[in-house]
Structure formats: structure tokens, C-alpha cells
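Remarks on the structure that follows.
The values are calculated or read from the model by the stated rules, or taken from the named source; none is laboratory data. The structure presented is a predicted model; accordingly, all values stated were derived computationally and were not measured. Every residue, glycine as well, gets a Cβ built from its backbone with ideal geometry; the counts of neighbours run over all protein chains shown. Quick note on the areas: whole protein, heavy atoms, side chains included, nothing else; ligands and nucleic acids left out. Shrake-Rupley method; radii C 1.70, N 1.55, O 1.52, S 1.80 Å.
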Amino acid sequence: MDWHAWHTAYDDPRSRLARRLVAVRERIREALDDCPPGPVRALSICAGQGVDLLGVLAEHPRRGDVTARLVELDPRNADAARAAAAAADLKGVEVVTGDAALPARYVGAAPAELVLACGVFGNITAEDIARTLDHCTHLVASGGTLVWTRGRVEPDLFPTVRRWLAERGFEELWVSAPDADFGVGAHRFAGRPLPLADPAAPMFTFVGYDRLRRRAG
Ligand SMILES: C[S@@+](CC[C@H](N)C(=O)[O-])C[C@H]1O[C@@H](n2cnc3c(N)ncnc32)[C@H](O)[C@@H]1O
């Protein structure tokens, strides 16, 4: 999978990805609107080119309060995110080129008031989604918001992710309509950080949706 080329679908406003982006950006905007005055931390797991977060930050009144860490493995995407942050003069944005599965990548930046896991849960196994959600109880600050996506393709794990979030103390703020052809959710963390079996172990293996589908047969 060429994850740089994958982003070109954002350029077509009729694409599913572009329509998903509208929903994701709206959730980001709402989360920032709701943050109390003062510094705001944001994290993006597998950030890609950062089109969701950076697109909102560029115009949001809280932009000067936000320090964000975007973690992305593909250097072309990380460079594009850095360029977008520089073009919008977002001085608080740090783009880390590296493996977002490693909890160590978030040291010093978590817990955050806003955490994005967009384009992740469709590319990892169900077991890894559950493990990543355990980690999200550490990555998301108390009262902070997790914005996440999971395509409504079979096996449709969107309802399962909602249940797993509720079990971990996340309150639902918004989910996309059942008949939308994408899945987006926003959840506020109201629980306590869970004990982790191995806090330093990778949260997930990024398999890729194409390979996951082939595995499922
Ligand atoms: C489906 S895209 C989502 C990008 C972005 N979050 C969005 O929604 O626009 C998945 C991204 O994860 C990146 N990626 C894959 N494995 C990764 C890993 N282990 N750590 C960090 N990023 C990874 C890919 O390069 C790709 O940019």
C-alpha cells in the first residue's frame, strides 16, 4: 500500500475519504471549542499528512494554545505534514517520523486533551484495537476527547469499538449515522487509566486493510 498516494482521495470532494474528513474535522473543532482556557495538547496516531488536525488548527481561535505531536511512519507523509504546519505558521506542531505503535512516542505529549486515531482501526486486528483502546486510557487526558474512525466494512467492528470504549470509561459525544458509508466517533474520557500488561510493548501491528481483508478470505 502506498500511503502517500492514498491521500490523493482527499482531493476529490465526492470521495468517501473527503466526506469522512468533513465529519472528523467537525469533531476536532468541537473538541477544541470545548477545551477550557489554557494550554491544549493534541496527539495524532498514524497522522498521515495531518490534513484533519492541521486543517482545523490553521483557522481555529485556539491555535496558539495547542501543542500537537503527530506520529507518522512514512517520511513523505511526515514531510507533507511538516510543510502544512509551516505553511499555516503552526509553531506548536511537532511531526515525529516513526512507529506510532510504540507508547514511547507519546512520552512528554500525553495525556492529551485531543487524541486522533483516524485511519488506524481498519488497518489492525480486533485484538490490537482493544489493546490500543487500553492505551488510550493513558493517552487521553481526563475530560479529553478521542476522535476515531473505523470503516463500516465487514466485519463491521464500529459497534464493537463503541462498546469497548464504553467499557473503558469513554462517554459517547457523537457517532456517524449507521447508514453513512464511513464510521467516525468522538468520545470523552471519563474513566481511570487501565493497568497495562506491558506498558512499553507496541500497541498494534499496522497490517493494512488490504492484507486484513485477504487474510479474512
Ligand atoms: C489510513 S492512513 C491515515 C492517515 C491519517 N490519519 C488520516 O486519517 O488522514 C494510515 C497512515 O498510517 C501510517 N502508518 C502505517 N503504519 C504506521 C506505524 N506503524 N506508525 C505510524 N504510522 C503508520 C501510514 O503511512 C499512513 O499514512
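Points to keep in mind about this one:
- Any chance A78 is within 15 Å of the ligand (Cβ to nearest atom) and either open to solvent by less than 10 Å² (accessible area, probe 1.4 Å) or among the β-branched types (V, I, T) (or both): yes
- Filtering A112, A86 for residues that are surrounded by fewer than 15 Cβ atoms within 10 Å (Cβ to Cβ) and of a type in the set (G, A, S) leaves a single hit, A86.
- Of everything in region 197-212 that is open to solvent by less than 40 Å² (accessible area, probe 1.4 Å) and more than 11 Å from the ligand (Cβ to nearest atom), the residue that is farthest from M1 (Cα to Cα) is A201.
- W148 falls short on exactly one of the conditions (1) without any contact (Cβ under 8 Å) to a residue 40 or more places away in the chain; (2) closer than 26 Å to S15 by Cβ; (3) away from the ligand (no atom under 14 Å from the Cβ); (4) assigned to a strand (DSSP E or B), and that condition is (3).
- Evaluating H187 against the criteria (1) within 20 Å of R20 (Cβ to Cβ); (2) not in a strand (DSSP E or B) leaves one unmet condition, (2).
- Residue that is within 8 Å of the ligand (Cβ to nearest atom), of a type in the set (A, V, I, L, M, F, W, C) and not in a strand (DSSP E or B), where the choices are L32, L54, L21: L21
- Given (1) touching a Lys or Arg at 6+ places or on another chain (Cβ under 9 Å); (2) open to solvent by 40 Å² or more (accessible area, probe 1.4 Å); (3) of a type in the set (D, E, K, R), index of the condition R131 fails: (1)
- All conditions but one from (1) more than 10 Å from the ligand (Cβ to nearest atom); (2) under 18 Å from A80 (Cβ atoms); (3) open to solvent by less than 70 Å² (accessible area, probe 1.4 Å) apply to D11; the one that does not is (3).
- The set of residues from region 57-75 being surrounded by fewer than 24 Cβ atoms within 10 Å (Cβ to Cβ) and within 13 Å of the ligand (Cβ to nearest atom) comprises R69, V71, L73, D74, P75.
- Options T160, T132: the member that is under 14 Å from the mean Cα position of the chain (by Cα), at pLDDT 95 or above, polar (S, T, N, Q) and part of a helix (DSSP H, G or I): T132
- Pairs where the first residue, in region 1-30, is among the aliphatic types (A, V, I, L, M) and the second is in a helix (DSSP H, G or I) and within 8 Å of the ligand (Cβ to nearest atom), C-beta under 7 Å, 6+ apart: A9/L17; L17/Y10; A18/Y10; L21/Y10; L21/V51; L21/D52; V24/D52; I28/D52
- The residues on offer are A141, A126, and the sole one that is under 20 Å from V56 (Cβ atoms), more than 15 Å from the ligand (Cβ to nearest atom) and in contact (Cβ under 8 Å) with a residue 12 or more places away in the chain is A141.
- Restricting region 36-51 to residues that are without any contact (Cβ under 8 Å) to a residue 60 or more places away in the chain and within 13 Å of the ligand (Cβ to nearest atom), the residue that is farthest from R25 (Cα to Cα) is Q49.
- When residues of region 168-178 are limited to those that are open to solvent by less than 70 Å² (accessible area, probe 1.4 Å) and touching a residue at least 12 places away in the same chain (Cβ under 8 Å), the one nearest to the ligand (Cβ to nearest atom): S176
- Some residue of region 179-190 being closer than 28 Å to A216 by Cβ, surrounded by 18 or more Cβ atoms within 10 Å (Cβ to Cβ) and among the charged types (D, E, K, R): no
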